[in-house]
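The values are calculated or read from the model by the stated rules, or taken from the named source; none is laboratory data. Fair warning: this is a prediction, and the values are worked out from it, not measured in the lab. Note: ideal-geometry Cβ built from the backbone for every residue, glycine included; neighbour counts use all protein chains shown.
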Amino acid sequence: MKRLLYIFSFFLFSVAARAQNEPAVRAELLAGGETVESGGEFWLALKLDLARGGHVYWKNAGDAGEPVELRLELPDGFSETGRYWPAPEKFSTGPFTEYGYGGRAFVLVKVKAPENLTAGEVYGISAKASWLACFGECIPMARDLDTLVVAGTGGAPNEEVARMAARLPETGRSAAFFETPDTLILETDDDKNAASAYFFPAAAKVLTHSAPQTVKKADGKLYLFMKKAPAEEYVGADAIDGTLVFYNVQGERVRSFDIVAQKTHSDPPVFAEPVVWGDFLAALALAFAGGLLLNLMPCVFPVLSLKAFRLLKSNDAVDAAVRRRGGMFYTAGVIGSFLVVGALLVCLRDAGSQMGWGFQLQYPPFVLGLCLFLFFLGLVFSDVVCVGERLSAFSMNIGRNLGDFGTGVLAVLAATPCAAPFMGTALGYGLMNPAPVTFGVFTAMGAGMALPFLMLDLHPALGHFMPKAGAWTMLLKRILAFPLYAAAAWLLWVLSAQGGAFALGVGLSCVVLVAFAAWLAGNAARTGALKRTAAVMAVIALFLSVAGMLALSPARMREKQDAQIEWRPYDTDEIREYRKIGAPVFIKFSAKWCLTCLVNERAAFSSGALKEVFRAKGVAAFAADWTERGDDITAALESFGRGGIPLYVYYAPHAARPQILPQLITEKTVLRAIGDL
């Protein structure tokens, strides 16, 4: 009996050892037939047989992995004419989505034979195949493979390779795609047997692989909605290629196509679909939660400090009815503003524009106006300027409710650059559905944002949890000015990102004007003098601020950019080459810290007429920027007998000596200098 146990144990050990040494992936290189004709084409196939539960990767592996690679060594005269991949499968591993093959994988290569092969001659083909095989853990593998082909006719085809070729995706299917800020919409002819579809992009950084793809049909067309790759990774193109796979109701593959979809600039399709109540209620809940959390966002807090300070100041000083009315006005301001934003988005969406939450902050004049308003409120909180007795009395009566309403409006305006948790999903759902759904989502968001202060106003007893008003509230008011200043500074940064140094300069100038006008008004109110001067200055500041906003409008900014001369960076060698060929040369020495330079820039070089003259007369314009000290520019200034800037130098064609223009320059001065050309 003991001997039988030894024999049985040895047998089990042998089987286990054999299974352990059994390769997890078997690789073969197969030829498409026994013979190949002179000048003919034939298939080569890399076949990989994988053990149960394993997979290898397609040419685009998805979120992780490495594609199967095949490097061929062909006989002299043989050449590869194409490489073909079967339609892949989708594998999900945690948050990652991968494209590849399980069970059996193959890659087909089409090879062309040379002319005048010698009949009966044998040709050896070798290959180096490598792949990443994943069985829970991923293991890089490689094999050296080879096969033979014989020159001649009449040989039997390899039926296995023929079956592989028959499984390749079809070609010739037309397709196009629309691009929106977050989505690519693939359009192709409808397939009656297709209940769903999936597009496998051949290139990375096109789609978010883990996002679902949704099929919609209309007028004999099938539309596949696909989420783009994240903005920081997305690589746009005028055409996308890949494999489109259709599936039936049971999820079985019906057909597959290799397609190249061209980008179309026409309006994307709009589908009106019945609302799924479960999804709608979930979106409302997310919108409400997102609106509630907006109160904690840093972009909203500075404005909510207005409401918080009002509550502290009015605690026990105002009767409950007045507070309830103020809370209702604040809520009306918040929800009404959300509805206005939603209505604008719906109108713009119906007009074909692609805009989302916070779209108004893409408009520089609005950014500047909001910046100046928040900065002025900060000055009020800092007691630089006060509203006066009459305005205060009005505020305690009729104006108080209007103030609550305005605070609600301002809170929503400040909230637009923020996206609280849960908001993204709710907004996406709202903007992709009909207008009533959109308004429902925006109303829920507004209700969530208004709820905390509404509860404090409707139930004054909750105010007992707040500290009593006193002298410390004035200190708190001054402290709360600094979040307003911070918000204004952030908006100036946004403005500079949108319009560059010019926009930042306009914004800073307007801020200084508002500060001076507010300081003058505050002093006039306290001393009783300078009231008329303060009023005039307030009107001037308002007028110039509006002018600054108009100067930053996209149309004016485009005009300004079109009128700018195309200055080349200062380069002595390049200037010398232009002078050698007899071209006129104009050199501008300036710096960003030079006030005279900036004035001259506006007075002399901001006209489109001067740019056109430079272009018509072939003037090579060079800008020497001395903002940071450079030895080459310093040496050039000294060569012209100058130790500072601004300096404007003009070389006429073939002129031995330059013409030095005045430091205070106008457009007419420049035109006179080059007028002899």
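Numbers for the structure displayed
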{"quantity": "Among residues of region 159-175, those that are in a strand (DSSP E or B) and either crowded, with 19+ Cβ neighbours inside 10 Å or in contact with a helix residue (DSSP H, G or I) (Cβ under 8 Å, 6 or more places away or on another chain) (or both), counted", "calculated": "1"}
{"quantity": "Index of the failed condition, residue 623 passing every other in (1) within 18 Å of residue 672 (Cβ to Cβ); (2) in contact with a Lys or Arg (Cβ under 9 Å, 6 or more places away or on another chain)", "calculated": "(1)"}
{"quantity": "Flag if residue 178 is under 18 Å from the mean Cα position of the chain (by Cα), in contact (Cβ under 8 Å) with a residue 60 or more places away in the chain and either more than 30 Å from residue 117 (Cβ to Cβ) or part of a strand (DSSP E or B) (or both)", "calculated": "yes"}
{"quantity": "Cross-chain or 6+ apart pairs with Cβ under 7 Å, region 27-53 first and farther than 15 Å from residue 141 by Cα, then of a type in the set (Val, Ile, Thr) and in a loop (DSSP other than H, G, I, E, B)", "calculated": "35/153; 37/153"}
{"quantity": "Any hit, region 387-395, residues being in the same structural domain as residue 454 (by TED's automatic domain parsing) and at pLDDT 55 or above", "calculated": "no"}
{"quantity": "Scope region 617-640; condition of a type in the set (Gly, Ala, Ser) and at pLDDT below 80; matching residues", "calculated": "630"}
{"quantity": "Test result for residue 223, of a type in the set (Phe, Trp, Tyr) and part of a loop (DSSP other than H, G, I, E, B)", "calculated": "no"}
{"quantity": "Looking only at region 595-627, and only at residues there that are over 18 Å from residue 671 (Cα atoms) and in contact with a helix residue (DSSP H, G or I) (Cβ under 9 Å, 6 or more places away or on another chain), the one that is surrounded by the most Cβ atoms within 10 Å (Cβ to Cβ)", "calculated": "624"}
{"quantity": "Single match in 621, 636 (criterion: out of contact with any Phe, Trp or Tyr (no Cβ under 6 Å at 6 or more places or on another chain), more than 17 Å from residue 592 (Cα to Cα) and of a type in the set (Gly, Ala, Ser))", "calculated": "636"}
{"quantity": "Subset tally (residues that are modelled with pLDDT of 90 or more, under 30 Å from residue 230 (Cβ atoms), of a type outside the set (Val, Ile, Thr) and part of a loop (DSSP other than H, G, I, E, B)) for region 67-97", "calculated": "4"}
